[in-house]
Amino acid sequence: MPELPEVEHAARMLRRWLVGRRITRVEADPTRVLRGIEPEDFARALGNRTLESVVRRGKNLLLAFDRDVGLSSHLGMTGRWVRRRAEDPARAHSRVRLHLPGGDVVHYVDQRMFGGLELTTRSDLPRLPAVTTLGPDALEDEIDAAFLARTFARRNSAVKVVLMDQTVLAGLGNIQATEALFRARIHPSRRASELDRRELGAVARGIQKALEHTLGMIDTEELAYLSDGAVIENPFLVYGRAGEPCPRCATPLETLRIGGRASALCPRCQPLTRSAPRRGR
Ligand SMILES: [Zn+2]
């Protein structure tokens, strides 16, 4: 499902397709994707508007239009923004369509409709609860051992659960947290507060590397590895690979349920006890 890299991809594509272009017409289907607004009112508010900027905060997209119109977009589990031509056949699960001059149509597609589109004023975008409750952004803000030490100090939950808490750190979901902890050689069930400074440094670098790895694959207009929220071509090191050999040591990868989510890990590279060098052995 969409995590920071996929939402960053959506932000880049929306900038490429929409910024500086006037939306000539809007079609909005009556679905729960529209938050607190009737389809006709939604269509009227965005019609004739020109997108001026797109900002990503965690997994949220904040779209600022002219005339003080703001739109916040959350992709939920299966949401995507895609560009098609007006003459293309109807698109399955398309919920909102933004028509542009010249025949391009930008669709908001969402099979399961856990995503949401909320219309507001541009000036209120940074004040939406979905934004003000977020912790620092995992990509844009400086996430280092010192930040993690401060943040994790009183958190006794499993480190993976803490990493996925958007109020702690915004942007990571199951995939990126799983990958970051594998890269850091930290067992996902370790208590966040128990990690020492060396381990926190490894987690900070693991987050950065996991995000960079996925961001390196998102330059195409549509993501090849993801369809309707499901990973169809697995580009990840351990996510979704239980039973396969660890890419580092060839031990079969295992999967554990942590905080209700499946977590792939290497039992050898990510021991539950603190790794041996720390004990001076
Ligand atoms: Zn391993």
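Here is a yes/no grid of residues against (1) over 18 Å from GLY171 (Cα atoms); (2) in contact with a Gly (Cβ under 8 Å, 6 or more places away or on another chain):
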residue: ALA11; (1), (2): no, no
residue: ILE23; (1), (2): yes, yes
residue: VAL26; (1), (2): yes, yes
residue: PRO39; (1), (2): yes, no
residue: ALA90; (1), (2): yes, no
residue: LEU98; (1), (2): yes, no
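Filtering the range 190-218 to residues that are in contact with a Phe, Trp or Tyr (Cβ under 7 Å, 6 or more places away or on another chain) and surrounded by fewer than 16 Cβ atoms within 10 Å (Cβ to Cβ) leaves SER193, MET217.
Whenever a residue of the range 233-249 is more than 17 Å from HIS187 (Cα to Cα), its partners that are more than 13 Å from the ligand (Cβ to nearest atom) and in a loop (DSSP other than H, G, I, E, B), lying with C-beta atoms within less than 9 angstrom and at least six residues away or across chains, give the pairs GLU233/ALA224; GLU233/TYR225; ASN234/TYR225; ASN234/GLY240; PRO235/MET217; PRO235/ALA224; PRO235/TYR225; PHE236/TYR225.
Would you confirm whether any residue within the range 227-234 is modelled with pLDDT of 95 or more and among the aliphatic types (A, V, I, L, M)? No, the range 227-234 has no match at all. Across the range 246-261, the qualifying residues are those that are in a strand (DSSP E or B) and hydrophobic (A, V, I, L, M, F, W, C), and the one among them that is nearest to the ligand (Cβ to nearest atom) is LEU256.
Among the residues in the range 22-34, are any assigned to a helix (DSSP H, G or I), under 18 Å from LEU128 (Cβ atoms) and not aromatic (Phe, Trp, Tyr)?
no
Considering (1) farther than 26 Å from GLY79 by Cβ; (2) surrounded by 15 or more Cβ atoms within 10 Å (Cβ to Cβ), the lone condition that PRO247 does not fulfil carries the number (2).
Can you confirm whether ALA210 is touching a helix residue (DSSP H, G or I) at 6+ places or on another chain (Cβ under 6 Å), in a strand (DSSP E or B) and closer than 24 Å to PHE114 by Cβ? Outline the logic, then answer.
Numbers: touching a helix residue (DSSP H, G or I) at 6+ places or on another chain (Cβ under 6 Å): yes; in a strand (DSSP E or B): no; closer than 24 Å to PHE114 by Cβ: yes.
Criteria not met by ALA210.
Being within 16 Å of the ligand (Cβ to nearest atom), touching a helix residue (DSSP H, G or I) at 6+ places or on another chain (Cβ under 9 Å) and of a type in the set (A, V, I, L, M) holds for only one residue in LEU237, LEU169, LEU200, and it is LEU237.
Consider the range 48-71. How many of its residues are more than 24 Å from PRO136 (Cβ to Cβ) and touching a strand residue (DSSP E or B) at 6+ places or on another chain (Cβ under 8 Å)?
Final tally of qualifying residues: 9.
The values are calculated or read from the model by the stated rules, or taken from the named source; none is laboratory data. Because the structure is predicted, anything quoted here is derived from the model rather than measured. Positions of Cβ are generated from backbone atoms using ideal geometry, with glycine treated the same way; all protein chains shown enter the neighbour counts.
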